[in-house]
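First comes the structure, then the notes that go with it.
Computed from the coordinates by the stated procedures, all read-outs in this text should not be read as laboratory data. The shown structure was predicted, so the numbers you read here are calculated from the model rather than taken from an experiment. Cβ sites come from the backbone with ideal geometry, for glycine too, and all protein chains shown count toward neighbours.
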Amino acid sequence: MTTGPGEVAAPDLDRNPVPPSDDAVVPDPDASYERAGGAPPVTDRERAIVSAQLGRPARGESAVVHRCVFGLPTAVRVAPRLDDGTPFPTVFWQTCPALRSQIGRLEAAHEMVTINEQLDADEGFQSAHAAATQRYVAFRDELAGGEKLPGDPRAGGNERYVKCLHVHAAHFLATNDGPVGERTMELARPVPCSGPCVSEEDVATWTARP
C-alpha cells in the first residue's frame, strides 16, 4: 500500500479488537518514482509513529512512501540532507519492525551471499540491478535539486555488490523497482503481524519529545 496526498487515513492505533494479519506488508504494483517523489512530508503524528517504530527520533525531512495493511508506515523517503545539512545518502528507509525482523533473518541466513553470487553469475540479473541502481541515484540527485552531494547514494551496495537487504526492500516498496528488493520481499513474505506496532501512548510519548 503506497501513499500519496489524501490516501490512507491515519489509523486509530488503539482500536479494539484489531484483527491480526498473516501478511501485513504487501508491495503495490502502482508504486513508482513519481509517486514516491510526490509523497507529502510527514505530519507530526507520522513522525512520532516512525520514531516509535525505529526506537529513535526520525532524522531529516521525510515522507511516507509505503504503508502496511494497518495503515502504518513501512518505508519512508528521506531528504538528501539532514536538518543540520549533513548529506544523507540513503533515499528510502525501511521502518516496519515486523519486516525488519524478517529481513534480518534473511541476512542471518546469508541470503546476501546467495544474491551476490547470483549477481556474479547471472548477467541478466546483474544488468537489471545495475539499471535500477542508476535510477535510484538519479532520483536522489533530483531530490537534491541536481546538486551532487558527497556520500554514495547506493547505500545498499553498488551495481555488482549488495550489502543491505533492508535498503533494497524499502527501495522496491517505494518504487516497485529493483530486482534485489523484489527478491528480498519475495523471500521475506509473508510478514505476519498481530496488529499495529505503535500505540497512541507511543505517539504521545514521541510527540512530547523535543
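Among 98, 206, 170, whose Cα lies farthest out toward the positive end of the dipole of the chain, if unit charges sit on the beta carbon of Lys, Arg (+1) and Asp, Glu (-1)?
Checking the options against the dipole of the chain, the answer is 206.
Taking only DSSP H segments of four or more residues, each worth -39500 (n - 2.57), what value at 222 nm results for the chain once the sum is divided by all its residues, to the nearest 500 deg cm²/dmol?
-13000 deg cm²/dmol
Where the only charges are on Cβ atoms (+1 Lys, Arg; -1 Asp, Glu), what is the dipole of the stretch 46-116 about its Cα centre, to the nearest 20 debye?
120
Using alpha carbon centroids, what distance separates the stretch 189-208 and the stretch 54-97, in Å?
Taking the Cα centre of the stretch 54-97 as reference, the centre of the stretch 189-208 is 16 Å away.
Could you give the dipole magnitude of the stretch 98-210 about its Cα centre, charging the beta-carbon of Lys and Arg +1 and that of Asp and Glu -1, in debye to the nearest 20?
180
Just need the relative contact order of the stretch 33-205 here, percent rounded to a whole number, with Cα pairs under 8 Å and 6+ apart.
For the stretch 33-205, the relative contact order is 25 percent.
With springs only between Cα atoms under 10 Å apart, run a GNM on the chain and tell me which of 79, 121, 36 wobbles the most.
121
Put +1 on the Cβ of every Lys and Arg and -1 on every Asp and Glu Cβ in the chain; which of 72, 82, 13 then has its Cα farthest towards the positive end of the dipole?
Farthest towards the positive pole: 82.
Assign unit charges at the C-beta atoms only (+1 for Lys and Arg, -1 for Asp and Glu), then state the dipole size of the chain relative to its Cα centre in Debye, rounded to the nearest 20.
400
Against the 2.2 N^0.38 Å scaling, with N counting residues, where does the stretch 27-143 land? I'd like the Cα-based Rg ratio to two decimal places.
With N residues counted in the stretch 27-143, Rg over 2.2 N^0.38 Å equals 1.17.
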